[in-house]
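The values are calculated or read from the model by the stated rules, or taken from the named source; none is laboratory data. Fair warning: this is a prediction, and the values are worked out from it, not measured in the lab. Cβ placement follows ideal geometry from the backbone for every residue including glycine, while neighbour counts extend to all protein chains displayed. Ligands, DNA and RNA are excluded from the accessible area calculation, which covers all protein heavy atoms including side chains. Shrake-Rupley method; radii C 1.70, N 1.55, O 1.52, S 1.80 Å.
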Amino acid sequence: MTIWVTYLSPAGTTRQAAETIVQEAQREGQSVELRNLAGREAGGGRIRENLSPGEVLFVGSPVYAGQPIPHVMEFLSTLPNDPGSFAVPFVTYGGVNSGRALYDMAKIMDSKGLRILGGIKVLAVHSLLWRSDDPVGKGHPDADDTERIREFVRLILEKLETGKAEGLPLEALDDKGEETEKPVGQSKLEGFKSKVLPLELDRESCTECGVCQDACPVENIVLSPYPEFGDRCILCFNCVRFCEANAVDSKAIARFESLVRERKAFFKEPEETRFFV
């Protein structure tokens, strides 16, 4: 049996969670394949071609505006119908609002005939607060979060080994329910994009180095010869974050910290790593 672990991780914390899953599964004697869905490294095709009955697919996404990012949802929608395999969604969230991300991912997995074994949401430093000295979720995932991920993996493997791998009801992954659907809906990624885009490029500062293009996980930037931004932006702001010339920016970034803290006060979600099995 092969355990497939795939993820998209613009800020690196979802990758950290994925690598912990891989390490624990290997420690338990499992054969594991790790695949990154980002840009030129995209490994989704190999999974679609090789996922076999009885195998397990872990899929990881950061939570943006209470949702999995579109690139991950698109990958899930392209999976073949396979009633003989299992699936496990996992997400990282910045301590503000995990939304119904696990449920949203599991719903597509279930529609493909995959049996859901469980799900986990992992506390992480908020990806929009890289300029803050005290970001929400600072220091996470930490050692305790990592141990929770490991415990989760062991429980998933135990379900498989003991023959108790019946699918988990989708509702078990929906710890928010309808109580947050309205505010989450008001802040969906597309709506947020209309407030912070387009990105601004200072051509006098730009060195045409291509760092922004390389840092974009969804290949939304081309150089011609200056960066040109497409319409698939997921608002990770890696192009802003990693531009050493400070040539890419958005006027909205200055308001990010106050906006994030306002949303945190609104949602009142406990800062914790929590799993469902």
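Summary of values
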| item | result |
| --- | --- |
| Strands (runs of 3 or more DSSP E) contained entirely in the range 1-115, each with at least 1 residues that are open to solvent by less than 20 Å² (accessible area, probe 1.4 Å) and within 28 Å of GLY163 (Cβ to Cβ) | 2-7, 56-64, 86-93 |
| Residue among LEU160, LEU155, LEU168 that is in a loop (DSSP other than H, G, I, E, B), farther than 30 Å from ALA265 by Cβ and hydrophobic (A, V, I, L, M, F, W, C) | LEU168 |
| Helices (runs of 4 or more DSSP H) wholly inside the range 196-276 containing at least 1 residues that are over 21 Å from the mean Cα position of the chain (by Cα) | 211-215, 256-267 |
| Scan of the range 116-152 for residues that are part of a helix (DSSP H, G or I) and open to solvent by 60 Å² or more (accessible area, probe 1.4 Å), ordered by number | ALA143, ASP144, GLU147, ARG148, ARG150, GLU151 |
| Residue selected from the range 64-92 under the condition free of Cβ contacts under 8 Å to residues at least 40 places away in the same chain and farther than 22 Å from GLY54 by Cα, by the criterion farthest from the chain's Cα centre (by Cα) | GLU74 |
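Residue by residue, here is whether (1) farther than 30 Å from LEU168 by Cα; (2) open to solvent by 60 Å² or more (accessible area, probe 1.4 Å) holds:
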| residue | (1), (2) |
| --- | --- |
| GLU200 | yes, yes |
| CYS206 | yes, no |
| ALA215 | yes, no |
| ARG232 | yes, yes |
| CYS243 | yes, no |
| ILE253 | yes, no |
| VAL260 | yes, no |
| PRO270 | no, yes |
